[in-house]
Amino acid sequence: MENPTQHLTPEEQFQARIDADVRIEPKDWMPDAYRKTLIRQISQHAHSELVGMLPEGNWITRAPSLKRKSILLSKVQDEAGHGLYLYSAAETLGTTRDQMLADLHSGKAKYSSIFNYPTLSWADMGCVGWLVDGAAILNQVPLCRTSYGPYARAMVRVCKEESFHQRQGFEIMQTLCEGAESQKAMAQEALNRWWWPTLMMFGPKDEDSPNTAQSMNWRIKRFTNDELRQKFVDMMVPQAEFLGLTVPDEKVQWNEARQAYDYGEVNWDEFWAVVKGNGLCNRDRLGARVKAHEEGAWVREAAMAHAAKRAERELVAA
Ligand code: FAQ
């Protein structure tokens, strides 16, 4: 029987598979631009997980109780794990971990803007979990259905862990809001600082996003940046109200006709300044990453030597 797609070009066959929601796997043919976009997005996502450990790592020694300390420690370890799944997914596209890390350390590759803001109080740990992980989940749940198989599968476990992270962040906020006046004030002050940067996590407005249209067409992205940002506002405003907190945007208002919240304009100049490396903590974060990588060189060398010795022993035994 004649294959109905056999007269199509490789590009057309590829798009037909995408349109039929057939997953693309590492050994399948794919356009170079699809491969390049995925390496860019997955590696930036992995870098975000690694750099994302720093603002919270900053609070492990200062968490207010042993229980809070151990929860935070596990959360930060989870982020390292997410980075590893994502680097592995990106490697299936033909890049190497060394190359990806070199691009991060040289400043060529991006990571999420959100991690260039400082964590000044314990309530910031609540906001990172509640808002930042909340935004991450909204963005990542649809990525479980992204068109590239290894990325989609990595996201399933990441999302389960992120959901737990979000709950613990909300619980920190709830505890503070039910505590003394000064604790509630600390929670409000943290929300004031984190609200707008979290809205920026979803990326530029659709009309200013160079990658969204093509990524939607390839079903790498399932929702646009603005669609996800709107979902986030709609989810978070009622949660803030439940906590007795106010989001720092006078334009936030329920719109009956749209069945969604209206909200104000993000400061896009600030967003692009942070993306280009000029945020409050960009230099510190990158400096800390490079230092950790350099100081870990002996561990990598020792692991390689150990693996080589073991392989040699196994060869002799066989
Ligand atoms: N920060 O055309 P678009 C987490 C760049 S994980 C910095 O819209 P795209 C877990 C973008 O790369 C958080 N750069 O691009 C955690 C592009 O530049 P390029 C990370 C940004 O890719 C929680 C240019 O602007 N999540 O939080 C940002 O279609 C707590 C134009 O933008 C992911 O990476 C930004 N916010 O859409 C860890 C999810 N936004 O590369 C620790 C996967 C945009 O052309 C503690 N990624 N840019 O030079 C995505 O869904 C997408 O890549 C977007 C951007 C939506 C981030």
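The values are calculated or read from the model by the stated rules, or taken from the named source; none is laboratory data. Keep in mind it's a predicted model, so treat the numbers as computed, not measured. All Cβ positions, glycine included, derive from the backbone under ideal geometry; neighbour counts span all protein chains shown. Side chains are part of the model used for accessible areas, which takes the heavy atoms of the whole protein and leaves out ligands, DNA and RNA. Shrake-Rupley method; radii C 1.70, N 1.55, O 1.52, S 1.80 Å.
Say whether the condition of being open to solvent by 40 Å² or more (accessible area, probe 1.4 Å), over 30 Å from residue 182 (Cα atoms) and either in contact with a helix residue (DSSP H, G or I) (Cβ under 6 Å, 6 or more places away or on another chain) or hydroxyl-bearing (Ser, Thr, Tyr) (or both) is met by at least one residue in region 80-87.
Yes, because at least one residue in region 80-87 is open to solvent by 40 Å² or more (accessible area, probe 1.4 Å), over 30 Å from residue 182 (Cα atoms) and either in contact with a helix residue (DSSP H, G or I) (Cβ under 6 Å, 6 or more places away or on another chain) or hydroxyl-bearing (Ser, Thr, Tyr) (or both).
Any residue at all in region 275-298 that is closer than 24 Å to residue 137 by Cβ, in a helix (DSSP H, G or I) and open to solvent by 50 Å² or more (accessible area, probe 1.4 Å)?
no
Is it the case, given these coordinates, that residue 202 is near the ligand (Cβ under 10 Å from one of its atoms), surrounded by fewer than 19 Cβ atoms within 10 Å (Cβ to Cβ) and outside any helix (DSSP H, G or I)?
Criteria not met by residue 202.
Do you know which of the residues in region 1-14 that are surrounded by 13 or more Cβ atoms within 10 Å (Cβ to Cβ) and of a type in the set (A, V, I, L, M, F, W, C) is modelled with the lowest pLDDT?
Result: 8.
Which of the residues spanning region 94-147 are more than 10 Å from the ligand (Cβ to nearest atom), in contact with a Cys (Cβ under 7 Å, 6 or more places away or on another chain) and either closer than 23 Å to residue 271 by Cα or open to solvent by less than 10 Å² (accessible area, probe 1.4 Å) (or both)?
117, 118
Checking the structure you have, find out if any residue of region 50-72 is closer than 17 Å to residue 214 by Cα, open to solvent by less than 20 Å² (accessible area, probe 1.4 Å) and within 16 Å of the ligand (Cβ to nearest atom).
The answer is no, given that none of the residues of region 50-72 is closer than 17 Å to residue 214 by Cα, open to solvent by less than 20 Å² (accessible area, probe 1.4 Å) and within 16 Å of the ligand (Cβ to nearest atom).
May I ask you to list the residues in region 15-38 that are assigned to a helix (DSSP H, G or I) and surrounded by fewer than 21 Cβ atoms within 10 Å (Cβ to Cβ)?
Scanning region 15-38 gives 15, 16, 17, 18, 19, 32, 33, 35, 36, 37.
Check whether at least one residue in region 209-224 is at pLDDT 95 or above, among the aromatic types (Phe, Trp, Tyr), in a helix (DSSP H, G or I) and crowded, with 20+ Cβ neighbours inside 10 Å, and report yes or no.
No, region 209-224 contains no residue that is at pLDDT 95 or above, among the aromatic types (Phe, Trp, Tyr), in a helix (DSSP H, G or I) and crowded, with 20+ Cβ neighbours inside 10 Å.
Go through (1) assigned to a helix (DSSP H, G or I); (2) buried (at least 17 other Cβ atoms within 10 Å of the Cβ); (3) hydrophobic (A, V, I, L, M, F, W, C) for residue 185 and report which single condition fails.
(2)
A quick yes/no check of all residues on (1) free of Cβ contacts under 8 Å to residues at least 24 places away in the same chain; (2) within 18 Å of residue 142 (Cβ to Cβ); (3) not hydroxyl-bearing (Ser, Thr, Tyr):
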residue	(1), (2), (3)
201	no, yes, yes
205	no, no, yes
215	no, yes, no
228	no, yes, yes
231	no, yes, yes
234	no, yes, yes
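Of the residues that make up region 61-72, is at least one closer than 27 Å to residue 203 by Cβ and either in a helix (DSSP H, G or I) or without any contact (Cβ under 8 Å) to a residue 12 or more places away in the chain (or both)?
no
Going through 157, 193 one at a time, which residue ends up being part of a helix (DSSP H, G or I), out of contact with any Pro (no Cβ under 6 Å at 6 or more places or on another chain), within 16 Å of the ligand (Cβ to nearest atom) and modelled with pLDDT of 95 or more?
The match here is 193.
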